[in-house]
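Notes for the one structure printed next.
Please treat every number below as a calculation from the coordinates, not as lab data. What you are looking at is a predicted structure, and each value in this text was computed from that prediction instead of being measured. Ideal geometry is used to build each Cβ from the backbone, glycine not excepted, and the neighbour counts take in all protein chains shown.
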Ligand SMILES: C[S@@+](CC[C@H](N)C(=O)[O-])C[C@H]1O[C@@H](n2cnc3c(N)ncnc32)[C@H](O)[C@@H]1O
C-alpha cells in the first residue's frame, strides 16, 4: 500500500505536531513500512483514513500508536562508549568533589536525566557506570530520570528486562551476571541499579516543567529528527534545566553549532560535553 504525496503531507504535519519528528518527501518508505501494519490491523483502506481516525479519537490512543510506530527507538547499552567514559572519569568525579566541599559528610545528591531514553538502555548504562565508580552508594541520593514520548518505550524501560541479543549489543559479556539477573528467559537489571531509575512519558517539545533541575543531562540521538527551529527550542530549554555546574551530553554525530549559544563546548577523553554559558543570548 503506497502513500500518496497528499497523504504523506497529512501524516507528516500530524506527526510533527505530535512529537516534532520531521518526515520530508524522502520518508515515504518509512511511513509505509511503519504505518502499514496499523492501517491493516484497523481494517482501513489507506493512510488518509488512518489520519482522520486518529484525529477523531478523543482517547489519544491511536495517535500514541502512530508516535510509537513512527519514532526510531534504536538504542543499546553503552552506546558509543565514550559518553560513559566521560561520565566515569570526569563528570562524576567533578560532581563528587563539589558535593564533598559543600557537605563533607553527605548525603551527595546526583540528578541525571536521560532525555529520550527509548527502552532504557542509556539510563541503566548511566546507573551501572555510577556503580562501577562508587561501589558504596550509601551516602549518595541518586535519581536517574528517563523520559520518552513513546508509551511502549517507557513501559519497556520500566520493566527493565532485556534479551540476550539486546545485551550483546554493547554490554560486556563477563559483567552480565554482576548487573542483571535471569528472569523468564530474559535478563533483568538488578535491583540496586533499577532503584536509581524511574521512567515517564514526556514530550521534549512541550514545556519542560515539573521535572526539577539536573546535574547532568544526556539528550542523544533525538534532536536529529527535529526541525532546526525545534532543536533550538529544545536545547535552550535544556539549558534552563541544568544546575549551574551541570553538563549536557549530546549524540556523537550531533552539534550545537549554529543552534544555540547557551552552551560552551568542551572536549575531554575523545568525548564532547557542554556547559551552560553565563550569557543567555540566544541566536
Ligand atoms: C534513537 S532513540 C535515542 C535513544 C537514546 N537516547 C540513545 O541515544 O540511544 C530516539 C528516541 O526519541 C524519542 N522521541 C522522539 N520524539 C520525541 C519527543 N518529542 N519527546 C520525547 N522523546 C521523543 C523516540 O521515541 C525514541 O525513543
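In terms of packing, defined here as the mean over residues of other Cβ atoms within 10 angstrom, the peptides 215-224, 237-246 line up highest first as 215-224, 237-246. For the chain, the antiparallel share of DSSP beta bridges with both residues in that region comes to about 40%. So how far, in whole Å, is the C-alpha centre of the range 5-83 from the one of the range 103-154? So the two Cα centres are separated by 30 Å. Is the shape of the range 121-170 best called rounded, prolate or oblate, per the rule: a/c under 1.5 gives rounded, else a/b larger than b/c gives prolate, else oblate, with a ≥ b ≥ c the square roots of the Cα gyration tensor eigenvalues? Cα axes put the range 121-170 in the oblate bin.
May I ask for the angle, rounded to the nearest 10°, between helix 228-241 and the longest principal axis of the chain, with both axes built from Cα atoms and the value confined to 0 to 90°? Rounded to the nearest ten degrees, it is 30. Arranged from fewest to most other beta-carbon atoms within 10 Å of their beta carbon, 186, 1 become 1, 186. As a proxy for reagent exposure, 201, 27 were ordered by neighbouring Cβ count within 10 angstrom, fewest first; the result is 201, 27.
The angle between the Cα long axis of helix 92-102 and the main principal axis of the chain comes to about 60°, on a 0 to 90 degree scale.
Ranked for footprinting exposure by Cβ neighbours inside 10 Å, fewest first, 117, 26 give 26, 117.
Taking a ≥ b ≥ c as the square roots of the eigenvalues of the Cα gyration tensor, the range 99-188 is classed as oblate, since a/c reaches at least 1.5 and a/b does not exceed b/c.
Residue ranges 168-178, 82-92 sort as 82-92, 168-178 when ordered by packing (mean number of other C-beta atoms within 10 Å per residue, highest first). Between residue 72 and residue 152, the modelled labels are 1.7 nm apart [label points 7 Å from Cα along Cα→Cβ]. Once a ≥ b ≥ c are taken as the square roots of the eigenvalues of the Cα gyration tensor of the range 82-276, is the result rounded (a/c under 1.5), prolate (a/b larger than b/c) or oblate (a/b not larger than b/c)? Taking the square roots of the gyration eigenvalues as a ≥ b ≥ c, the range 82-276 is oblate. Antiparallel beta bridges, as assigned by DSSP with both residues in the range 125-208, represent about 55 percent of the total such bridges.
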